[in-house]
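The values are calculated or read from the model by the stated rules, or taken from the named source; none is laboratory data. Predicted model, so just to flag it, every value in this text is computed and none were measured. No Cβ is skipped: glycine too gets one built from the backbone with ideal geometry, and neighbour counts run over all protein chains shown. For the accessible areas, the whole protein counts, side chains as well, though only heavy atoms, and no ligand, DNA or RNA atoms are used. Shrake-Rupley method; radii C 1.70, N 1.55, O 1.52, S 1.80 Å.
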Amino acid sequence: MGENPAIGKKFRGHPSHTAGISATRQLPFAVPDDRLRDRGATMLVVMKAQATPEEIRAVCEHIEQLGFRPHPLPGAQRTAIGITGNQGEVDRGNLEELPGVAEVIRVSKAYKLASRDVKEEDTVVRFAGTDAAIGGDALAIVAGPCSIESKEQAFSIAEQVAASGAQFFRGGAYKPRTSPYAFQGLGLEALRIMAEIRERFGLRIVTEAIDNESLDLVAEWADVVQIGARNMQNFSLLKRAGKLRKPVLIKRGLSATLEEFLMAAEYVMSEGNYEVILCERGVRTFADHARNTLDLSIIPAIQRLSHLPILVDPSHATGKRDSVLPMARAAVASGGDGILVEVHDHPEKALSDGPQSIYPAQFAAMMDELEQIAPVVGRSLPRGIHVGIARA
Ligand code: PEP
Ligand code: MN
């Protein structure tokens, strides 16, 4: 695939990145002098491949002493340390002379920590004690109802999606509804039900936080904190999510550009939380045959520019049960890292998003199809989650 077999495989679908570090070196970093005044420009310290952990720590401490924030991002080949912050100056000369430093460069894009300039290889979000991951070769499948409505409903759906091999369970506890009169979610009760589901079936839990209060609770009870489309530019919520040490799944805003989407990720990462997962869920267009327009073209565009994993939600993208499977097939075919899908065993009685929820039997069929498509695009579809695994 690329010149460097060690990294070529990582950059699936966008061979231009097999250029690796040299792509970074081509960045325009001509600056008037080498004492760079910080005007929001991020500097990047590229460590030598053989740099020791002590040398990396010393560089981070030096950056802190300068009044900046270091973001060490280890890669397969070498560690890069992103520098953010806006006080004082960065003395490139001093940094370049520290032991273990290969070079100091300037990142020109608006998003920095989310960019491949800072971290070349794909981010893989792992879940301690399990074999589940989001990003990497294995597809991640997140399935469950729009809302948790009762323990019986949630357990019944969880049992069926687990039997088909999903590793992640989704269910809304706090719902961002267009109408204040619509079902708002069971809140903490739903979080407790999902914690029982994790206990019973091993499924890792993905659920949405809609404000500061629910963020703290979701972070306590769930495995992945979802930030919904309507909150993609809720910057204070994003910053707070950045202070968590839990993966954050950000859904694309209803009219968000690629840059706005990556800037949302940047908000979370700038606070030190680098476990960010993106999710394309359709954007609003003039099309009236579907709830939204699924923009799969953002997948290669994101993968070219960012190392973050991207899932696809064919449920909210289409709003129609019959469209979910075709769009899920296309999502995997176009390089998505997995699917987030709504499943309900009695969608006609669902308290939210029944028309777009697929039946458990349709989910089982979808898994069979995705399993066949996956190897065509160099992926695999794991079936079921293994827990109690000791991992380094
Ligand atoms: C959801 O996943 O239930 C949801 C509300 O999604 P979105 O934020 O994409 O509308
Ligand atoms: Mn929904």
**OP:** May I ask you to derive the relative contact order of the chain, considering only C-alpha pairs under 8 Å and at least 6 residues apart, and to give it as an integer percent?
**Re:** 16
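With a 1.4 Å probe and all protein chains left in place, how much accessible area per residue does the chain have, in Å²? Walk me through the numbers on the way to the answer.
Numbers: 16250 Å² over 392 residues.
Value for the chain: 41 Å² per residue.
Please pull out the direction-averaged projected area of the chain, using the convex hull of its alpha-carbon atoms, in nm² to one decimal place. Present the calculation step by step, with values, prior to reporting the outcome.
On the way: hull surface 77.6 nm².
Averaging across all directions leaves 19.4 nm² for the Cα convex hull.
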Subject >> Relative contact order computed over the stretch 233-353 (Cα-Cα under 8 Å; 6+ residues apart), in percent >> reply: 20
Original post:
Roughly how big is the stretch 223-278's charge dipole about its Cα centre, with Cβ charges of +1 (Lys, Arg) and -1 (Asp, Glu), in debye to the nearest 20?
Top reply: 240
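Over all distinct Cα pairs, what is the inverse of the mean 1/r for the stretch 270-328, reported as the Kirkwood hydrodynamic radius in Å?
Values: mean 1/r = 0.0800 Å⁻¹.
So the Kirkwood estimate lands at 12.5 Å.
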Original post:
Counting only protein heavy atoms, what percent of the accessible surface of the chain is carbon or sulfur at a 1.4 Å probe?
Top reply: 52
Original post:
Out of every Cα pair in the stretch 63-191, what percent are spaced more than 26 Å from each other?
Top reply: 52
Subject >> Pairs of Lys in the chain closer than 22 Å at Cα, counting only those 8 or more apart or on different chains >> reply: 29
